[in-house]
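Q: One structure coming up, written as structure tokens, with questions to follow.
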Amino acid sequence: MLDSFPSYFSLRDLVAISGEAFELKVSRHQKEADNAARKWFMSFNVYNEKKLSKFLDYGKFDLFAALSFPDADAKHLETCLAFFFWAFSTDDLSDEGDLQSKPDDVQAGVDISMTVLDNPEGPRPDFPYAAMLYDLLTRIRETASPGAYARFTLAFEEWSRSQVQQSHNRSLDRIPSVEEFILMRRATIGGAMVEAMVEYSLDLDLPDYVFHHPTIIAMSEATTDIMTWPNDLCSFNKEQSDGDYQNLVVCIMIEHNVGLQAAIDILTDMLADRVAEYTELKKQLPSFGPAVDTELMRYLEALEHFVQGTVLWYYLSPRYFRTIDISNREDLIVPLFKRVYT
């Protein structure tokens with residue numbers, strides 16, 4: 001089934017689907033934040049000149065940050081963009097770099113980074129990805145609430161474990177079940193870290209008990225799925241060309257015994273249903289008192305901006321669609337990229 005794909009597939013407008021519940025907004029601090037964050041990232045020398053240029057210009061991470069954190073001030077947006085540079089460069093290391101199918105090596109990198117969490121005010125590590133994390137944590141601690149900072153560090157631990165597990169799956173050519181993959185994907189996308197960064201971006205101060213409420217937990221899972229499933233739909237083409245099948249589309253193909261287009265359609269329908277579920281969950285929000293409710297509304301609005309900005313960025317970044325014309329997203333015809341692996 002995975003040996004031969006059709007020459008193209010059709011993709012419905014995912015931005016319109018998520019747009020039923022999520023609004024779009026863009027920051028006016030994009031250029032200012034980009035100049036500062038680029039200078040910071042380049043200081044770590046993780047890429048040669050050619051790959052650095054491709055990573056920075058091809059990714060359009062400055063646009064991603066502007067769409068995802070539209071209400072952050074310039075300083076906070078710079079840190080949010082630095083977070084993207086760190087997260088995507090680290091993710092690429094295990095997704096398509098030297099560590100793609102080497103779980104022991106991924107674990108070694110995680111162990112180095114974990115020392116930053118254990119001793120955040122200790123010396124800055126030499127390992128560049130851990131050094132980036134060290135800087136990020138220093139910035140976040142400056143203004144974030146203790147709760148937001150704690151949620152970020154716990155989320156990093158969860159994300160790190162998921163990176164090791166995903167590398168293990170790749171090393172075994174193992175395709176998880178749909179349910180297992182959805183659960184793992186919530187971690188590999190870094191959903192909980194995103195939520196903590198949303199808190200940080202506006203210096204929100206929400207009590208821990210809010211995040212332990214069943215409705216808030218369910219809404220968190222929904223927003224993570226709504227920004228994750230479009231990623232699997234949009235990144236499938238790039239990943240199949242690299243021989244990487246750790247994708248929800250592939251899981252659906254195998255579990256449902258269907259072809260590529262049917263799996264694309266099934267996942268798109270799942271996305272639409274998930275958006276509707278989020279809308280219903282929002283109607284069930286409890287009251288935590290006037291002060292907390294006000295802060296919670298700011299948080300949810302910011303998280304919704306992040307989700308919608310993320311879904312749009314999937315289309316706008318050449319990372320996923322390269323030279324494909326995406327000006328008309330309705331029933332977009334996506335030619336499959338040539339496989340570049342052997």
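The values are calculated or read from the model by the stated rules, or taken from the named source; none is laboratory data. Just so you know, these numbers come straight off a predicted model, no measurement behind them. Positions of Cβ are generated from backbone atoms using ideal geometry, with glycine treated the same way; all protein chains shown enter the neighbour counts.
Q: Test Arg339 against the stated conditions and say whether it is surrounded by fewer than 17 Cβ atoms within 10 Å (Cβ to Cβ) and either assigned to a helix (DSSP H, G or I) or in contact with a strand residue (DSSP E or B) (Cβ under 6 Å, 6 or more places away or on another chain) (or both). Walk me through it before giving the result.
A: Working: surrounded by fewer than 17 Cβ atoms within 10 Å (Cβ to Cβ): yes; either assigned to a helix (DSSP H, G or I) or in contact with a strand residue (DSSP E or B) (Cβ under 6 Å, 6 or more places away or on another chain) (or both): no.
For Arg339, the condition - surrounded by fewer than 17 Cβ atoms within 10 Å (Cβ to Cβ) and either assigned to a helix (DSSP H, G or I) or in contact with a strand residue (DSSP E or B) (Cβ under 6 Å, 6 or more places away or on another chain) (or both) - is not met.
Q: Give me the residue from segment 213-235 that is within 14 Å of Gly191 (Cα to Cα) and of a type in the set (Gly, Ala, Ser) and, out of that set, surrounded by the most Cβ atoms within 10 Å (Cβ to Cβ).
A: Ala222
Q: Do we have any residue at all in segment 70-85 that's surrounded by 15 or more Cβ atoms within 10 Å (Cβ to Cβ), at pLDDT 95 or above, touching a helix residue (DSSP H, G or I) at 6+ places or on another chain (Cβ under 8 Å) and under 19 Å from Ser162 (Cβ atoms)?
A: Checking segment 70-85: at least one residue is surrounded by 15 or more Cβ atoms within 10 Å (Cβ to Cβ), at pLDDT 95 or above, touching a helix residue (DSSP H, G or I) at 6+ places or on another chain (Cβ under 8 Å) and under 19 Å from Ser162 (Cβ atoms).
Q: Kindly evaluate Asp135 against the criterion of being among the charged types (D, E, K, R) and part of a loop (DSSP other than H, G, I, E, B). Before the answer, list the steps.
A: Working: among the charged types (D, E, K, R): yes; part of a loop (DSSP other than H, G, I, E, B): no.
In short, no.
Q: Any idea which residue in segment 284-323 is nearest to Ile216 (Cα to Cα), counting only those that are buried (at least 17 other Cβ atoms within 10 Å of the Cβ) and among the aliphatic types (A, V, I, L, M)?
A: Top of the filtered list is Leu296.
Q: Listed residues Tyr314, Tyr299, Tyr245, Tyr278; which is out of contact with any helix residue (DSSP H, G or I) (no Cβ under 6 Å at 6 or more places or on another chain) and under 21 Å from Lys25 (Cα atoms)?
A: Just one listed residue meets the conditions, Tyr299.
Q: Still on this structure, I have one more. Going by what's in this entry, would Ile217 be described as within 30 Å of Leu154 (Cβ to Cβ), among the β-branched types (Val, Ile, Thr), out of contact with any strand residue (DSSP E or B) (no Cβ under 6 Å at 6 or more places or on another chain) and free of Cβ contacts under 8 Å to residues at least 40 places away in the same chain?
A: Answer is yes for this residue.
Q: Another question, if that's okay. Looking at Gln246, Gln240, can you tell me which residue is buried (at least 20 other Cβ atoms within 10 Å of the Cβ) and part of a loop (DSSP other than H, G, I, E, B)? Spell out the reasoning first.
A: Values: Gln240 fails: part of a loop (DSSP other than H, G, I, E, B).
After ruling out the rest, the residue left standing is Gln246.
Q: Looking at segment 118-155, which of its residues are within 11 Å of Thr79 (Cβ to Cβ) and of a type in the set (S, T, N, Q)?
A: Of everything in segment 118-155, those that are within 11 Å of Thr79 (Cβ to Cβ) and of a type in the set (S, T, N, Q) turn out to be Thr138, Thr143.
Q: For segment 263-273, state whether one or more residues are surrounded by fewer than 16 Cβ atoms within 10 Å (Cβ to Cβ) and farther than 30 Å from His212 by Cβ.
A: Yes, some residue in segment 263-273 is surrounded by fewer than 16 Cβ atoms within 10 Å (Cβ to Cβ) and farther than 30 Å from His212 by Cβ.
Q: Return the pair list, or none, for Cβ contacts closer than 8 Å from residues in segment 277-291 that are free of Cβ contacts under 8 Å to residues at least 40 places away in the same chain to residues that are surrounded by 10 or more Cβ atoms within 10 Å (Cβ to Cβ), at least 6 apart or on different chains.
A: Within 8 Å, the pairs are Ser287/Asp293.
Q: Same structure, new question: Of the numbered conditions (1) in contact (Cβ under 8 Å) with a residue 40 or more places away in the chain; (2) assigned to a loop (DSSP other than H, G, I, E, B); (3) more than 19 Å from the chain's Cα centre (by Cα), Pro70 satisfies every one except a single condition; which is it?
A: (3)
Q: Sticking with this structure for a sec: Somewhere in segment 181-196, is a residue within 27 Å of Trp40 (Cβ to Cβ) and either in contact with a His (Cβ under 7 Å, 6 or more places away or on another chain) or part of a loop (DSSP other than H, G, I, E, B) (or both)?
A: Yes - at least one qualifying residue is present in segment 181-196.
Q: Right, next: From the list Arg12, Arg28, exactly one residue is modelled with pLDDT of 95 or more, exposed (fewer than 12 other Cβ atoms within 10 Å of the Cβ) and not acidic (Asp, Glu). Which is it? Spell out the reasoning first.
A: Numbers: Arg12 fails: exposed (fewer than 12 other Cβ atoms within 10 Å of the Cβ).
Of Arg12, Arg28, the one residue that is modelled with pLDDT of 95 or more, exposed (fewer than 12 other Cβ atoms within 10 Å of the Cβ) and not acidic (Asp, Glu) is Arg28.
Q: Among the listed residues Arg274, Arg329, identify the single one that is in a loop (DSSP other than H, G, I, E, B) and touching a residue at least 24 places away in the same chain (Cβ under 8 Å).
A: Details: Arg274 fails: in a loop (DSSP other than H, G, I, E, B).
After ruling out the rest, the residue left standing is Arg329.
Q: Still on this structure, I have one more. Regarding segment 24-34, can at least one residue be identified that is farther than 30 Å from Ser241 by Cα and touching a Gly at 6+ places or on another chain (Cβ under 7 Å)?
A: Checked segment 24-34: at least one residue is farther than 30 Å from Ser241 by Cα and touching a Gly at 6+ places or on another chain (Cβ under 7 Å).
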